[in-house]
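Quick notes on the structure that follows.
The values are calculated or read from the model by the stated rules, or taken from the named source; none is laboratory data. These numbers come from a predicted model, not from an experiment. In this analysis, Cβ positions are derived from the backbone assuming ideal geometry, glycine residues included, and neighbour counts consider all displayed protein chains. Keep in mind that these areas ignore ligands, DNA and RNA; they rest on the heavy atoms of the full protein, side chains included. Shrake-Rupley method; radii C 1.70, N 1.55, O 1.52, S 1.80 Å.
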Amino acid sequence: MSDLMISWVTSANSDHTQFPLNNLPYGVFSVGDAAPRCGVAIGKMILDVAALENAGVLSFEGTLQTASWNAFMALGQDAWARLRRDLTKLLEEGSSQQSALEPHLVAMADAQLHMPFVVAEFTDFYAGKHHATNVGTMFRGAENALPPNWLHIPIGYNGRASSVVVSGTDIVRPHGQLKSPNDDVPRFAPSARFDIELEMGAIVGQPSNGPITVMDAFANIFGYVLLNDWSARDIQAWEYQPLGPFQAKATATTISPWIVTAAALEPFRTSTTEREKPLLPYLQEPGPMLYDIELEVGLTPDRGEESIIARTNYTEMYYSAPQQLAHHTTSGCPMRVGDLIGSGTISGPQKDNRGSLLELSWGGKEPFELSDGTSRSFIEDGDTLTLRGAANGDGYRIGFGSCSGRVLPARK
Ligand code: MN
């Protein structure tokens, strides 16, 4: 494991910043009324790489002067490595470029963060075994908890790119068709069981047209974000058979504002858990392709203080993102630059490792307590839900920024 790399941006040189020189995550920011542009987080600052390319300090075919990272991603792996090398040189302690760069640093506190990339398409998986077992037990009973295909195939569904929003965006509680087992007929009403799903999102940075291997899938993933797949459990329970979730998952999906590159996460690679059934050859991992990323969920009631309601780790996934991406292409399904792949809810073995309120409150049967003494089964209006994540190295951490959203009352 490498050490903290030292930068002349002094706020980047601490063991608690999310954005040391080791990280260099990519985002899109604006200050005041200025147009959004590409930036790189370093300590408490954002480096305006759009201005640096305009000034000739960086040279990436003009791709850094757009308001998303898609064009840069499309340049491919050599460009990805070259930008990281260039930025590391420019920002490291003793760089001859310090005085040229200083005018292009913006305080993160003064900036507004936007969607870091245009989501081409969004696919969400269901690859956490503890989550699948918990939800299956609640929906179908303990005997039928894990579907017979689950240990052989990464289960997923095609979501909506249009519903993906950046952290800080308010979420309006959805209406939908609801029918509890005791009702004779469904009714149309605001969801009373609105929920989160703590996930990681993998971003596809290179296109493919036809089946690709797990190794190629690993190479094509540009980076990762935190992802909250907002879910209306009462809508889901009524609609999900036989084609899976639809309107229950179409309200919004929130992502964190910084793309943490696969390169920055390289020291934290780890293998998926031991296979309970052998996987078909096309799904087998040629090496460790998952990452050790500590995750937590905070719930802040309206005008209240935050309670941390869950802590878990990305290592709980049964399938890695490259396995999911490779599986996604088996049909010949083309993948595009900017495709977003949700991991599935990341729950661990213990009660406080559960990545959804559905699991934390066991379907509402066991409400859990917040630090202010109130309790929750599902999200209440005014609650803010925040995901955080970091890979923890020796004396440094690779953070993602927060992935946060406040739930507003349903429209009248
Ligand atoms: Mn999900």
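If you filter the range 90-122 down to residues that are of a type in the set (D, E, K, R) and closer than 30 Å to ALA252 by Cβ, you find that the one that is nearest to the ligand (Cβ to nearest atom) is GLU121.
Looking only at the range 169-190, residues that are crowded, with 19+ Cβ neighbours inside 10 Å and within 30 Å of TYR291 (Cα to Cα) come to 1 in all.
Please give the number of the condition ARG193 fails out of (1) touching a helix residue (DSSP H, G or I) at 6+ places or on another chain (Cβ under 6 Å); (2) over 18 Å from PHE122 (Cα atoms); (3) open to solvent by less than 50 Å² (accessible area, probe 1.4 Å). That leaves (3) as the condition not met. Just one of (1) outside any loop (DSSP other than H, G, I, E, B); (2) within 15 Å of the ligand (Cβ to nearest atom) fails for THR345. It is (1).
Matching residues to (1) at pLDDT 95 or above; (2) surrounded by 23 or more Cβ atoms within 10 Å (Cβ to Cβ); (3) not in a strand (DSSP E or B):
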site	(1), (2), (3)
GLN18	yes, no, yes
ASN23	yes, yes, yes
GLY32	yes, no, yes
ALA41	yes, yes, no
ALA51	yes, no, yes
GLY56	yes, no, yes
SER59	yes, no, yes
PHE72	yes, yes, yes
ASP78	yes, no, yes
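Answer yes or no as to whether ILE259 is within 10 Å of the chain's Cα centre (by Cα), touching a residue at least 60 places away in the same chain (Cβ under 8 Å) and within 15 Å of the ligand (Cβ to nearest atom). Taking the combined requirement at face value, the residue does not satisfy it. If you go through the range 272-284 and keep only what is open to solvent by 40 Å² or more (accessible area, probe 1.4 Å), under 19 Å from ALA326 (Cβ atoms) and either of a type in the set (A, V, I, L, M) or touching a helix residue (DSSP H, G or I) at 6+ places or on another chain (Cβ under 9 Å) (or both), you end up with THR273, LEU280, TYR282, GLN284.
Please determine whether any residue of the range 395-402 is touching a residue at least 24 places away in the same chain (Cβ under 8 Å), among the hydroxyl-bearing types (Ser, Thr, Tyr) and out of contact with any His (no Cβ under 6 Å at 6 or more places or on another chain). Checking the range 395-402: at least one residue is touching a residue at least 24 places away in the same chain (Cβ under 8 Å), among the hydroxyl-bearing types (Ser, Thr, Tyr) and out of contact with any His (no Cβ under 6 Å at 6 or more places or on another chain). On the stretch given as the range 298-338, residues that are touching a Ser or Thr at 6+ places or on another chain (Cβ under 7 Å) and either buried (at least 17 other Cβ atoms within 10 Å of the Cβ) or closer than 17 Å to ILE255 by Cβ (or both) total 17. Listed by position, the strands (runs of 3 or more DSSP E) inside the range 123-208 whose residues that are within 16 Å of the ligand (Cβ to nearest atom) number at least 3 are 156-158, 198-204. When you look at GLU380, is it within 20 Å of the chain's Cα centre (by Cα), among the charged types (D, E, K, R) and closer than 23 Å to LEU226 by Cα, yes or no? Spelling it out, it is not the case that GLU380 is within 20 Å of the chain's Cα centre (by Cα), among the charged types (D, E, K, R) and closer than 23 Å to LEU226 by Cα. When the range 90-131 is filtered for residues that are over 15 Å from the mean Cα position of the chain (by Cα) and more than 24 Å from VAL31 (Cα to Cα), the ones remaining, listed by number, are GLU92, GLU93, GLY94, SER95, SER96, ALA120, LYS129, HIS130, HIS131. One residue stands out in the range 348-366 among those that are charged (D, E, K, R) and part of a loop (DSSP other than H, G, I, E, B): the one that is nearest to the ligand (Cβ to nearest atom), namely ARG354. Going by what's in this entry, would ASP372 be described as over 23 Å from the mean Cα position of the chain (by Cα), modelled with pLDDT under 95 and open to solvent by 10 Å² or more (accessible area, probe 1.4 Å)? Criteria met by ASP372.
A count restricted to the range 237-246 and to residues that are more than 14 Å from the ligand (Cβ to nearest atom) and buried (at least 16 other Cβ atoms within 10 Å of the Cβ) stands at 3.
Can SER256 be described as in contact with a Cys (Cβ under 7 Å, 6 or more places away or on another chain) and either surrounded by 24 or more Cβ atoms within 10 Å (Cβ to Cβ) or under 17 Å from SER343 (Cα atoms) (or both)? Considered against the rule, which asks whether it is in contact with a Cys (Cβ under 7 Å, 6 or more places away or on another chain) and either surrounded by 24 or more Cβ atoms within 10 Å (Cβ to Cβ) or under 17 Å from SER343 (Cα atoms) (or both), SER256 comes out as yes.
Any residue in the range 212-225 that is outside any strand (DSSP E or B), within 13 Å of the ligand (Cβ to nearest atom), buried (at least 19 other Cβ atoms within 10 Å of the Cβ) and over 15 Å from the mean Cα position of the chain (by Cα)?
no
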